[in-house]
Amino acid sequence: MIDLTVDIGRLRLKNPVLTASGTCGYGREYAHILDLNQLGGIMVKGTSLVPWAGNPAPRVVETPAGMLNAIGLQNPGLDYFLHTELPWLRQFDTAVVVNIAAHQIEEYAELARRLDNAAGVAALEVNISCPNVRQGGLSFGSDPLTAHRVTAAVRQATSLPVIVKLTPNVTDIAALARAVAEAGADAVSLINTLLGMVIDVRARRPALGNIVGGLSGPAIRPVAVRMVWEVAGAVSIPVIGMGGITCAEDALQFLMAGASAVAIGTATFANPRAPFEVMKGMAAFLQEEGFTAVSDIIGLARRGIA
């Protein structure tokens, strides 16, 4: 038997495969196709204190080897999640990681406080790609000092494991990772989407209603693997890798780069069973290569490299 358990700080997962936030809603959409009990965890859709309407349509456009989305974190708000979605999620034997989103630091802290004692919540994933309304709309994750402040506020407000989701749209992602680690993050997850744009040449206008959107899918995987490598070498806290994973070999790259777990996102739109297939393929690889535990390959590609 292959031991697939991994530790993400204080959070133990029965296997290292999760669904990425924003790509599987609250799990309902996939429950009839994918056995959610087989997942290491579900990172649910970004949740804010009050409902968010999101961005104007069109919100999604396909690109070569990927897609752009500009959903704008549309969600029904925390009260709806606590009263409707979380009770439904409790029936599954998998870790529920709640992605939280806000426009002010105080809102992040309030979300963390209200989720702290919510039965069934295993950890928080802090989305610092949101625009900070008090700084002219700049992302919280674009500046290490601001990212530190958000993380510290969340850390003070909750006893739950805190995972900070890093944006790749920065010059030095390692500096950002060090800042949130110093502020008390238990782990980091990366990467979020890369900013991109598509122009509809027939319509002579941007294809997305928001003009720009987040690029995801296989096209960004090499960038994501590079950033996971950099962050894993810069901080001692665990890393959850994501970005363009479609198969077990993709996921193994992230683990060998230093990630302790992976999250599957865009791939589920084309193949809803992708997370299960990645997990199954990962176990087969470990067995074929003579490993007894998935922990044996975490950071394997780094060994012997200065």
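The values are calculated or read from the model by the stated rules, or taken from the named source; none is laboratory data. All of these numbers come straight from a predicted model, not from anything done at the bench. Using ideal geometry, Cβ is built from the backbone for each residue, glycine included, and neighbour counts are taken over all protein chains shown.
Tabulated data for the structure shown
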item: Region 140-161 - residue that is closer than 16 Å to residue 176 by Cβ and hydroxyl-bearing (Ser, Thr, Tyr) and, of those, surrounded by the most Cβ atoms within 10 Å (Cβ to Cβ); result: 151
item: Residue check, residue 256 in a helix (DSSP H, G or I), touching a residue at least 60 places away in the same chain (Cβ under 8 Å) and either crowded, with 18+ Cβ neighbours inside 10 Å or small (Gly, Ala, Ser) (or both); result: no
item: Within region 96-118, considering residues that are within 16 Å of residue 11 (Cβ to Cβ) and among the hydrophobic types (A, V, I, L, M, F, W, C), the one surrounded by the fewest Cβ atoms within 10 Å (Cβ to Cβ); result: 118
item: Test: residue in region 129-136 that is at pLDDT 95 or above and in a loop (DSSP other than H, G, I, E, B); result: no
item: Selection status of residue 121, part of a loop (DSSP other than H, G, I, E, B), within 27 Å of residue 266 (Cβ to Cβ), under 19 Å from the mean Cα position of the chain (by Cα) and at pLDDT 95 or above; result: yes
item: Contacts under 8 angstrom Cβ, first residue in region 44-58 being among the basic types (Lys, Arg), partner buried (at least 18 other Cβ atoms within 10 Å of the Cβ), 6 or more apart; result: 45/21; 45/22; 45/24; 45/26; 45/75; 45/99
item: Test result for residue 178, basic (Lys, Arg) and either assigned to a strand (DSSP E or B) or in contact with a helix residue (DSSP H, G or I) (Cβ under 9 Å, 6 or more places away or on another chain) (or both); result: yes
item: Per-region count, region 93-114, residues within 17 Å of residue 21 (Cα to Cα) and of a type outside the set (Gly, Ala, Ser); result: 8
item: Region 203-216 residues that are in contact (Cβ under 8 Å) with a residue 24 or more places away in the chain, paired with ones that are of a type in the set (Lys, Arg) and in a loop (DSSP other than H, G, I, E, B) (beta carbon under 9 Å, 6 or more apart); result: 208/59; 209/59; 210/59; 213/59
item: Residues satisfying the stated conditions in region 181-209, i.e. farther than 20 Å from residue 258 by Cβ, in contact with a Gly (Cβ under 6 Å, 6 or more places away or on another chain) and not in a loop (DSSP other than H, G, I, E, B); result: none
item: Residues that are surrounded by 20 or more Cβ atoms within 10 Å (Cβ to Cβ) and of a type outside the set (Lys, Arg), drawn from region 162-182; result: 162, 163, 164, 166, 167, 168, 173, 176, 177, 179, 180, 181
item: Subset tally (residues that are under 24 Å from residue 113 (Cα atoms), touching a helix residue (DSSP H, G or I) at 6+ places or on another chain (Cβ under 7 Å) and part of a loop (DSSP other than H, G, I, E, B)) for region 1-47; result: 2
